[in-house]
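Engineer: What follows is a single structure, and I will ask about it in a moment.
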Amino acid sequence: MNSNCVSKENQCSINLAENECSDGMCCFTCVIPPDNAHIGFFKAFWKSGTGASCIKMLIMSEGYKNELYDSCKFLDFLIYKNGTDSDLKMDLRCCVYGSRPKQCADYPDRAGESLYKKISGPCIFNEYTAPSTYKKLVYKREWQAYYAIQDNIDILSNIFVNLDASAGRELLLKANGVYIATVSVGNTEKDYILIPINKQAQKVLYTSEKHQPIVSIRQAYERWEEKIQRNLQNHYGKDWETKLKSAVEMEEKDAGKRCNEDAACNTKC
Ligand code: SF4
């Protein structure tokens, strides 16, 4: 992947809208089977969302190959100017929300479940925003996620709500962390505008008791034991329990150390 950085004068910011499901990460990865088979026969008659085919989710992690995910055909991806200031909001929504399939409607309470597997787990956004100790143990790596929009004015004109496509593109490229990169898709290379997905969990509304941020390995394991155990067994084989135990101990020791430092600072200050 080649990246073309642009100068960032008059920088602005871009954040997820504070709406239900506004991160939409599951509509790129975990909920949808190939070719949107979950929608069934009628999918051919329904209009596609603005995110279909031209917006992807790019996952990058040091030392690993980039991963690129297509969005569901019915994902609407919208960017709009937030009032009078120069900041932008992006909103990812299902354009067949009222008729969405059961596996989408049940998400995230039954995240990771399928017809054949009953193992549920944390949703992808919560894993993305989890502490690095959790990701290093459960996935053996950390990762950064981006929305990747094909840099094409016709595509951009479908995405911007209250901005003309050229003005919107210019503003978008000034946003914090946004840059253009050439990404290989199959045998072709295309320019994409990469928008980092920020990890501000409080910006996304939680819709259920289960759909809560991951704060520690112990808390996540108590809630999602079966799913996490499966990952650990895949990564560490018969040593998985030892790895889990020492990661929890280390995490709790570090948290205790931080508390003591804070308490010492409060006494002195
Ligand atoms: S049908 Fe709707 S909720 Fe389900 S994956 Fe597609 S966009 Fe997301």
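The values are calculated or read from the model by the stated rules, or taken from the named source; none is laboratory data. On a predicted model such as this, the values are computed, not experimentally measured, just so you know. Glycine gets a Cβ as well: all are built from the backbone with ideal geometry, and neighbour counts include every protein chain shown.
Engineer: When you look at Leu78, is it surrounded by 18 or more Cβ atoms within 10 Å (Cβ to Cβ), part of a strand (DSSP E or B), modelled with pLDDT of 70 or more and away from the ligand (no atom under 16 Å from the Cβ), yes or no? Let's see the steps before the verdict.
Structural biologist: Values: surrounded by 18 or more Cβ atoms within 10 Å (Cβ to Cβ): yes; part of a strand (DSSP E or B): yes; modelled with pLDDT of 70 or more: yes; away from the ligand (no atom under 16 Å from the Cβ): no.
No: the conditions fail for Leu78.
Engineer: Any idea how many residues of the range 28-75 are under 26 Å from Lys140 (Cβ atoms) and either surrounded by 21 or more Cβ atoms within 10 Å (Cβ to Cβ) or at pLDDT 75 or above (or both)?
Structural biologist: Within the range 28-75, residues that are under 26 Å from Lys140 (Cβ atoms) and either surrounded by 21 or more Cβ atoms within 10 Å (Cβ to Cβ) or at pLDDT 75 or above (or both) number 19.
Engineer: Scan the range 87-106 for residues that are more than 11 Å from the ligand (Cβ to nearest atom) and either part of a strand (DSSP E or B) or buried (at least 18 other Cβ atoms within 10 Å of the Cβ) (or both) and report the count.
Structural biologist: In the first step, residues of the range 87-106 are kept if they are more than 11 Å from the ligand (Cβ to nearest atom); the result is 87-91.
Cutting the leftovers down to either part of a strand (DSSP E or B) or buried (at least 18 other Cβ atoms within 10 Å of the Cβ) (or both) gives us 88-91.
Number of matching residues: 4.
Engineer: Restricting the search to the range 122-181, which residues are free of Cβ contacts under 8 Å to residues at least 60 places away in the same chain and hydroxyl-bearing (Ser, Thr, Tyr)?
Structural biologist: Within the range 122-181, Ser132, Ser157, Ser166 qualify.
Engineer: Given the conditions (1) farther than 16 Å from Lys89 by Cβ; (2) part of a helix (DSSP H, G or I), and given that Lys199 satisfies all but one, which numbered condition is not satisfied?
Structural biologist: Looking at each condition in turn, Lys199 falls short on (2).
Engineer: Also, quick follow-up: Exactly one condition in (1) among the hydroxyl-bearing types (Ser, Thr, Tyr); (2) modelled with pLDDT of 85 or more; (3) crowded, with 17+ Cβ neighbours inside 10 Å is false for Ser120; which is it?
Structural biologist: It fails just one condition, (2).
Engineer: Looking at the range 53-75 only, could you name the residues that are near the ligand (Cβ under 9 Å from one of its atoms) and either of a type in the set (A, V, I, L, M, F, W, C) or not assigned by TED's automatic domain parsing to the domain that holds Leu156 (or both)? Spell out the reasoning first.
Structural biologist: Taking the range 53-75 and keeping what is near the ligand (Cβ under 9 Å from one of its atoms), we get 71-75.
Within the range 53-75, Cys72, Phe74, Leu75 qualify.
Engineer: Being surrounded by 17 or more Cβ atoms within 10 Å (Cβ to Cβ) and outside any strand (DSSP E or B) is the filter here; which residues of the range 174-193 pass it?
Structural biologist: Result: Lys174, Val178.
Engineer: Scan the range 130-169 for residues that are touching an Asp or Glu at 6+ places or on another chain (Cβ under 6 Å) and assigned to a loop (DSSP other than H, G, I, E, B) and jot them down.
Structural biologist: Just the residues of the range 130-169 that are touching an Asp or Glu at 6+ places or on another chain (Cβ under 6 Å), to begin with: 132-133, 135, 151.
Answer for the range 130-169, where residues must be touching an Asp or Glu at 6+ places or on another chain (Cβ under 6 Å) and assigned to a loop (DSSP other than H, G, I, E, B): just Asp151.
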